[in-house]
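Taking it in order: structure first as structure tokens, then the write-up.
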There are 2 protein chains.
Amino acid sequence: MERIEQHASFGGRQEVWQHDSVTLGCAMRLAVYLPPAALAGQPCPVLYWLSGLTCSEQNFITKAGAQQHAAQHQLIVVAPDTSPRGEAVANDPAYDLGQGAGFYVNATQAPWASHFRMQDYVADELPALIESQFPATAARGISGHSMGGHGALVTALRHPGRYRSVSAFSPIVAPSQVPWGQKALTAYLGEDRSRWQDWDTVALIANATERLLLLVDQGEADEFLTSQLRPELLEAACQHAGHPLTLRRHPGYDHSYYFIASFLADHFSHHADALRD
Amino acid sequence: MERIEQHASFGGRQEVWQHDSVTLGCAMRLAVYLPPAALAGQPCPVLYWLSGLTCSEQNFITKAGAQQHAAQHQLIVVAPDTSPRGEAVANDPAYDLGQGAGFYVNATQAPWASHFRMQDYVADELPALIESQFPATAARGISGHSMGGHGALVTALRHPGRYRSVSAFSPIVAPSQVPWGQKALTAYLGEDRSRWQDWDTVALIANATERLLLLVDQGEADEFLTSQLRPELLEAACQHAGHPLTLRRHPGYDHSYYFIASFLADHFSHHADALRD
């Protein structure tokens, strides 16, 4: 692992690291915020943040104002890049497929299958790396935005017991039913829609064996609300399955980091409550 | 004036506007945060923020986490671009001269004199625009970072009575004595160094007729500390003139927005105390 950035921030330190990912077969960057307690060597719980389409490990750490909350609650925050990267990695000119658009799945189709295994990276390799290289406990929370909100929900639902808390901003809750998701799942998993169900929050909730509360914030002026996000599908699925959901709709808020920053304190409180038990 | 961005943020609204500046002779962009009280039509004091080299009106509003503090204190925050822009405006390939590097002076030398009048823009045209177009009172504070910290200090010192409060992060306090400043002042004002004194905080403090407290934060791991910033010169000038100064040195902090975000709450409190009197 090589540290390529470090900045003092709110009494802790914002770092950016690069390592060779075995799962993805390429170099990966990840942002790690170490709160004051972690700098003092005290093991801290970890909140994983998954970003949205076109993002890298930089967006959340520069735009969300997360460090103040992480310092307050003494949480390590880990924000990985959103896909494998590099010249040897398959790509697509569109912003919503390929590099920067991994959708947190394990691809089975050419040319994606060889590198696009973001689910295994996020759920397995990344926690193992963090818990071996940093003063991190095994108490894990996961959150994200848009494609990364989908990633957070799906990853928690697919791995009962692995995370103590989960939340999302503006998540793609039913990729099988919306254009972004249909395009990505077709490319990464193939035309057989039955295989998509393992990667669709609304589908996974029906048979979830763990009923972690989902905290979801959604802006009502979000430009993707009715075409790509459709929180009413999540609401119906949770109601039908008896899955606990706190869905907050915020009039006037859009899909940007201005929205995330405005309500991020509540998400940190939600995760800290579960992670500090 | 044309509004080109608007985002709900912490109960208020982050906007970006473009207008034709008479002073600068070009279109200018400026960011305006309207706190909840201003959205409700209640006149609010205004904090002006001047950004550093290479910045536009975007850096502060996306990276500093300012909106939460502005909402809490019910302050309008105005962050203009750092220079005139456009194909008709003189430029230089270097990052520290020309577009993005106006240094908040009124240039007298060709080819700069025709557009580079950032001092008059910031001190005169901008407040008049804001106070006529938004629910703003005439209570003004000014702050900034690096080149913009220089801009905030110089603008307040040159206009006694115009601002009620001033602060800076990592300011260039003695441009006459450091490479960034010497290059810019030579280009914009000419070789005659006696003309530089009107644009140099350390020089202006000697004869200031108003003794506003200067709140200055400086990171001790700032990569420009000893070459370009030299806060000890400010300390000595204030001590000699009896000018009130609160200079805080922060071990481990660098020149980035991670530093600004970490201590911005204190600056907002400082300004709000003066602006809400």
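The values are calculated or read from the model by the stated rules, or taken from the named source; none is laboratory data. Values in this document were obtained by computation on a predicted structure and should not be read as measured data. With ideal geometry, Cβ positions are generated from the backbone for all residues, glycine too; neighbour counts draw on all protein chains shown. Calculation scope for accessible area: heavy atoms of the full protein, side chains included, ligands and nucleic acids excluded. Shrake-Rupley method; radii C 1.70, N 1.55, O 1.52, S 1.80 Å.
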Handout entry: Cα-projected label distance for A:GLN42 with B:ARG162, points at 7 Å along beta-carbon direction, nm
Key = 4.8
Handout entry: Per-residue [θ]222 nm for chain B (sum of -39500 (n - 2.57) over DSSP H runs n ≥ 4, rounded to 500)
Key = -9000 deg cm²/dmol
Problem - Inter-copy separations for B:ALA40, label at 7 Å along Cα-Cβ, nm, ascending - result: 4.0
Fill in the blank from the handout: When the charge dipole of chain A is computed with +1 at the Cβ of Lys and Arg and -1 at the Cβ of Asp and Glu, the Cα pointing farthest to the positive end, of A:LEU212, A:GLY252, A:SER167, is that of A:LEU212
Problem - Per residue solvent-accessible surface (Å²) - the protein assembly as shown, probe of 1.4 Å - result: 35
Exercise for the section: Given the peptides A:194-202, B:54-62, arrange them by the average over their residues of other C-beta atoms within 10 Å, most packed first. Expected result: B:54-62, A:194-202
Problem - Whole-Hz couplings from phi, Karplus 6.51/-1.76/1.60, listed for region A:36-48; x for Gly and Pro - result: x, 5, 5, 4, 7, x, 8, x, 10, x, 10, 9, 8
Completion exercise
Shape descriptor, region B:1-273: equivalent ellipsoid semi-axes (Cα gyration tensor, sqrt 5λ, whole Å, largest first) stand at 26, 23, 17
Completion exercise
Loop-resident chymotrypsin sites (Phe, Trp or Tyr not before Pro) in region A:72-122 with no more than 15 other Cβ atoms inside 10 Å, DSSP not H/G/I/E/B, are A:TYR95
Handout entry: Accessible area of region A:105-157 belonging to carbon and sulfur atoms, whole % at 1.4 Å probe
Key = 51
Exercise for the section: Calculate the dipole size of the protein assembly as shown relative to its Cα centre from +1 charges on Lys and Arg beta carbons and -1 charges on Asp and Glu beta carbons; express the result in debye to the nearest 20. Expected result: 680
Problem - Principal semi-axes in Å for the protein assembly as shown [√(5λ), Cα gyration tensor, largest first] - result: 46, 24, 23
Completion exercise
Scalar couplings 3J(HN,Hα) for region B:250-257 by Karplus 6.51 cos²θ - 1.76 cosθ + 1.60 (θ = phi - 60°), nearest whole Hz, x for Gly and Pro, are 10, x, x, 8, 9, 8, 8, 5
Completion exercise
So the A/B interface buries, both sides summed and with a 1.4 Å probe, an accessible area in Å² (nearest 100) of 1600
Fill in the blank from the handout: The answer for B:ARG13, listing residues at least 5 apart or on another chain whose modeled amide H is closer than 5 Å to its amide H, is B:LEU34
Fill in the blank from the handout: Heavy-atom accessible area with a 1.4 angstrom probe orders B:HIS240, B:HIS115, most exposed first, as B:HIS240, B:HIS115
Exercise for the section: Using only atoms on other chains, find how many Cβ atoms lie within 10 Å of each Cβ of peptide A:5-12 and report the average. Expected result: 6
Practice task
Could you pull out every residue, at least 5 positions away or on a different chain, whose amide H is within less than 5 Å of the one on A:ALA136? Hs are placed 1.01 Å off N in the peptide plane, and Pro or chain starts have none.
Solution key: A:CYS44
Problem - In sequence order, calculated HN-Hα J values of region A:221-230 (Karplus, 6.51, -1.76, 1.60; Hz; x Gly/Pro) - result: 9, 5, 5, 10, 3, 8, 8, 10, 9, 6
Handout entry: Cα→Cβ-extended label distance, 7 Å offset, between A:ASP273 and A:HIS250, nm
Key = 1.8
Exercise for the section: Anything losing 10 Å² or more of accessible area from the isolated chain to the full protein assembly: pick those residues out of region A:65-107, probe 1.4 Å, ligands and DNA/RNA ignored. Expected result: A:GLN68
Handout entry: Peptides B:226-233, B:130-137 ordered by average Cβ neighbours within 10 Å, highest first
Key = B:226-233, B:130-137
Exercise for the section: Identify, among B:ALA27, B:TRP199, B:PRO43, the residue whose Cα sits farthest towards the positive end of the charge dipole of region B:1-273, taking +1 on the Cβ of Lys and Arg and -1 on the Cβ of Asp and Glu, with the dipole about the Cα centre. Expected result: B:PRO43
Exercise for the section: Distances from A:LEU247 to the same position in the other copies: list them in nm, one decimal, shortest first, using label points 7 Å from Cα along Cα→Cβ. Expected result: 5.7
Handout entry: Peptide A:247-260 - average C-beta neighbours from other chains (10 Å radius)
Key = 3
Handout entry: Gain upon complete extension [A:ARG193, A:ALA206; 0.36 nm per residue less C-alpha separation]
Key = 3.0 nm
Handout entry: Amide proton proximity set for B:ARG117, modelled H, under 5 Å, gap of 5+
Key = B:ALA107
Handout entry: Proximal lysines relative to A:LYS63, as straight alpha-carbon distance under 16 Å, when same-chain residues fewer than 8 apart are discounted
Key = B:LYS63
Problem - Residues A:ALA94 and B:GLN109, FRET efficiency given R0 of 60 Å [Cβ-Cβ distance, rounded to 0.05] - result: 0.80
